[in-house]
1. Pop a pseudo-label 7 angstrom from the Cα along the beta-carbon direction at both Leu122 and Leu36 and give the gap in nm to one decimal.
2. When the C-alpha atoms of the range 43-128 are aligned to their principal axes, what extent does each axis show, in angstrom, from largest down?
3. I'd like the FRET efficiency for Leu52 and Ala78, computed as 1/(1 + (r/R0)^6) with the beta carbon distance as r and R0 of 35 Å, rounded to 0.05.
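Each reported figure results from applying straightforward, stated rules to the coordinates on display, with no laboratory input. Being a predicted model, the structure only gives us computed values, none of them experimental. With ideal geometry, Cβ positions are generated from the backbone for all residues, glycine too; neighbour counts draw on all protein chains shown.
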Amino acid sequence: MLPSRRMPTRPRVARGARAQRGAVRSGNGVLRLMLLSAVAVSVLVIAYAVFLERSSSQVPILVSGLAILGAALLLVAASGVVAAVRHGRDGARGRALGWALLGGGAAMTAAAILGAALVLGLVWQSTR
């Protein structure tokens, strides 16, 4: 049959029906666990560098922790964009807005943290 104006070309998907189709997104749990562990480890490295380390390697350890945290937050921002688009297509406007706000906040925080890591690294290298 040829599509007409009255006949939709694609069947309409009800709210949340995409999640009920089966294991479409089976890797989400692994991705979330990896991002959570990257954020936790980088926060521990930053805390170690700030509170415990008192040698000449304090700034490089701090810069490394900040760089890892910034990269992890960039991945959180990217996953927030994907989730916002997915929920927007499904018609869940509230969830789409929440994920968009989370992704935007993560992107701005990542930019600030990566900027701080860059400045700290350049200052430490210039004083050596």
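1. 3.7 nm
2. Its Cα atoms span 55, 23, 12 Å along the three principal axes.
3. Working: r = 32 Å, r/R0 = 0.92.
The pair Leu52/Ala78 has a calculated efficiency of 0.60.
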